[in-house]
Each structure stands twice: as C-alpha cells, then as structure tokens.
Number of protein chains: 2
Amino acid sequence: MLQVQEVSERLRNRGFKVTPQRLAVYEALARTKAHPRAETLYKELRPSYPTMSLATVYKSLSILCEIGLAQELSLGEDAFRYDADTSDHPHVRCIKCGRVDDVEAIDTKELTEEVAESTGYRLTDHQLYFFGVCPECRSKKRTLH
Amino acid sequence: MLQVQEVSERLRNRGFKVTPQRLAVYEALARTKAHPRAETLYKELRPSYPTMSLATVYKSLSILCEIGLAQELSLGEDAFRYDADTSDHPHVRCIKCGRVDDVEAIDTKELTEEVAESTGYRLTDHQLYFFGVCPECRSKKRTLH
DNA sequence: TGCTTAAGGATAAACATTATTGAAAAGAAT
DNA sequence: ATTCTTTTCAATAATGTTTATCCTTAAGCA
C-alpha cells in the first residue's frame, strides 16, 4: 500500500491531476484484500464522500490501472473486480461463496516462457484464474453432510 | 469436433431437447478457432437460420457450456468469447489486432498442484490468459517503422 | 397422431460500463 | 492571494451485453 505522496506523484508524472476522489479510491482499494467491484467501492466511499459519483469511481479505477497502481480482474462474473496489488500473482475464486483470494508464492516465469515459445507472441502480461472451493466452504460442507 | 450424433446424445442425456438451433450453434462454434462472441455466431448463422434469435444463441451456448461441449472465455473484453475445445489449454490475446489463439502443449498440472497447496482450495477448474503481440502484428510493425 | 412440456422468437428489461455536459476544483502563472 | 486555463466532478443519459418475459412452436413420447 503506497503512501498518499507516492500516489500523488505517480498521478502528476503521468499527466493526471491529483484529486481527493482519486486518492480515496486508491486508499479504499489498497486497504482491502477482497478484490471489490466498482459498485462495492462506491458504497464504501459514500459515507466519507457523499457527493462521489459511481462514474468517478470507474474513471479513477481506469486511471489507476493505466498508471500501474491497480489491475482489473475478469473472472467471468458480470462485473470486473479490482486489485491494488499489481504484483504478478494468480487469483482463485470460490465457486460456493464467491470470494476471490490472491495466490502467493507462485513462480510463473517458466510457464510464460513456454507460452511465448509455443505461440510466437511477444508477451506483455497474463492473468491466471483458478476456481474451486475455499477452505471455509470445505469445512462447512463437512459439518453439514 | 464431435459428430451430430454425439452432441445429440449428450444433450438428451442431460435432459435437454435436441434442436436444429442447438446443433447449429455447436457446429458453428466447433468449426472455427477464432473464439467468437455470441453476436458473431449469430451473424454467421443468420443466412442458414434466418429466424434464429440472438437469445437462442446465448441460451444454446449456456447449455453447451453446462454439458461440457464448450467453454466461456473472459478475457477482459466487453463480451464473452466461446470455445468448443474444452481441453485444458491456455489462451493468448493479441493487444494489437484482438485475435485470440489457443496455447497448445502446455502442462498445467504442476502449476495447479502448487496453487492448491498454497491456497488450501479444492480446485475444480482454471483459466489461463496471456496477452501480447501476435507474430503477424510483430512482423507488420517491423516493416512499417 | 395427439399430448405434454420444453424451446424458440421477438421484444423488453436488467445490468455494468461509458459518454456527455455544465459546474467546480486543481495547478500554474501573475 | 488572484486570475486563468484546463481537467475533473457529478448527474444523467446512452450504449452494449446478457437475461427475463411471454406467447407460439416444435421435440419427445405414448
């Protein structure tokens, strides 16, 4: 989670103005590990920023992604999710409760090289999504039987 | 690409009726490697099936996915893409021309095991997406400069 | 062939996301 | 500080994809 000063500098350097709304969207996103949707962030920010518009949340997220302070997740749901952790890590979604978690400590270098070699593409990015049942839902199911 | 008889049987076995529309959607999808959207399939089918509705294409695709004859791709675009090849393979999208290709001959078993171990999830599925510049666009760029 | 029920077609609706527009605020120069 | 220029905000309309509705039609089966 970056400091306000770093986020501000990053915005300015890329030609975007620094506004309270953009900083607030970044902070709300960076504070959580829940990979929220735009709508969720909007509702979360509303108490502190009663005049903030949903369109502003979308616009801010778009800019944050553009300047490398966030990434967009496309997990096959009806809406995108967002993550302020832009490090190269896969995501996993529970098909029971819908939660999305980070997958840590996975080295994707070898896989990427194999794909580049196999396809002839010059690769710039990737998104790895896994689906299954999370530990919590697994234990729930066991106790219910 | 499965035969009509096999598709019909699969539909019947899962309690779905066999209709010309569903067979046509499967055939159109299985014939191509372009990973089309619903809209694209709709336009492609229209000459042969003038009365087919776009809603029917969507419903057919949904059923095909449910019975394991197709899969839905969520590549971060504004619409889903579909693939009749349900084997476990990654996809790669060209950020210049937008084409989506299959990635073949990649073993994802080890990666999946690592993720399962790291997260504690019981994994059921995954989608691996790569992004970059395809060989055609790479050579185009080189000749232009 | 007729019966039952699911499926198709046409269309409206729902939903997420983007574009538009006038007012307000940010950043720079004075 | 003040003014000026330009971007951004908020509100709302618009867009485009996907889903639901509703009535008609066709599939499966006795």
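Are any of the residues in the stretch B:69-80 assigned by TED's automatic domain parsing to the domain that holds B:Val7, polar (S, T, N, Q) and on the phi < 0 side of the Ramachandran plot? Within the stretch B:69-80, one or more residues are assigned by TED's automatic domain parsing to the domain that holds B:Val7, polar (S, T, N, Q) and on the phi < 0 side of the Ramachandran plot. Only one of the numbered conditions (1) among the charged types (D, E, K, R); (2) in contact with a Pro (Cβ under 9 Å, 6 or more places away or on another chain); (3) over 24 Å from B:Leu128 (Cα atoms) is violated by A:Lys43, and that is (2).
Being within 14 Å of another protein chain (Cβ to nearest Cβ) and touching a residue at least 60 places away in the same chain (Cβ under 8 Å) is the requirement here; does A:Asp83 meet it? In short, no. Pairs are defined by a Cβ separation below 7 Å, a sequence spacing of at least 6 or placement on different chains, a first member in the stretch A:44-68 that is within 14 Å of chain B (Cβ to nearest Cβ), and a second member that is in a helix (DSSP H, G or I) and near DNA strand D (Cβ under 10 Å from one of its atoms); the pairs so defined are A:Leu61/A:Val25.
Filtering the stretch B:105-127 to residues that are at the interface with chain A (Cβ under 7 Å from one of its Cβ atoms), among the aliphatic types (A, V, I, L, M) and under 19 Å from A:Arg99 (Cα atoms) leaves B:Val115, B:Leu123.
For the stretch A:24-43, the count of residues that are touching a helix residue (DSSP H, G or I) at 6+ places or on another chain (Cβ under 9 Å), closer than 24 Å to B:Ala79 by Cα and at the interface with chain B (Cβ under 7 Å from one of its Cβ atoms) is zero. Among the residues making up the stretch A:1-40, those that are surrounded by 13 or more Cβ atoms within 10 Å (Cβ to Cβ), farther than 18 Å from A:Asp102 by Cβ and among the aliphatic types (A, V, I, L, M) are A:Val7, A:Leu11, A:Val18, A:Leu23, A:Ala24, A:Val25, A:Ala38. Is it fair to say B:Gln71 is at the interface with chain A (Cβ under 9 Å from one of its Cβ atoms), within 17 Å of A:Gln127 (Cβ to Cβ) and of a type outside the set (Val, Ile, Thr)? For B:Gln71, the condition - at the interface with chain A (Cβ under 9 Å from one of its Cβ atoms), within 17 Å of A:Gln127 (Cβ to Cβ) and of a type outside the set (Val, Ile, Thr) - is not met. Determine whether B:Ile95 is within 27 Å of A:Glu72 (Cβ to Cβ), of a type outside the set (D, E, K, R) and either away from DNA strand C (no atom under 13 Å from the Cβ) or away from chain A (no Cβ under 14 Å) (or both). Considered against the rule, which asks whether it is within 27 Å of A:Glu72 (Cβ to Cβ), of a type outside the set (D, E, K, R) and either away from DNA strand C (no atom under 13 Å from the Cβ) or away from chain A (no Cβ under 14 Å) (or both), B:Ile95 comes out as yes. Looking at A:Ser60, A:Ser48, just one residue is in contact with a helix residue (DSSP H, G or I) (Cβ under 9 Å, 6 or more places away or on another chain), at pLDDT 95 or above, within 12 Å of DNA strand D (Cβ to nearest atom) and not in a helix (DSSP H, G or I), and that residue is A:Ser48.
The values are calculated or read from the model by the stated rules, or taken from the named source; none is laboratory data. The shown structure was predicted, so the numbers you read here are calculated from the model rather than taken from an experiment. All Cβ positions, even for glycine, are placed from backbone atoms using ideal geometry, and neighbour counts span all protein chains on display.
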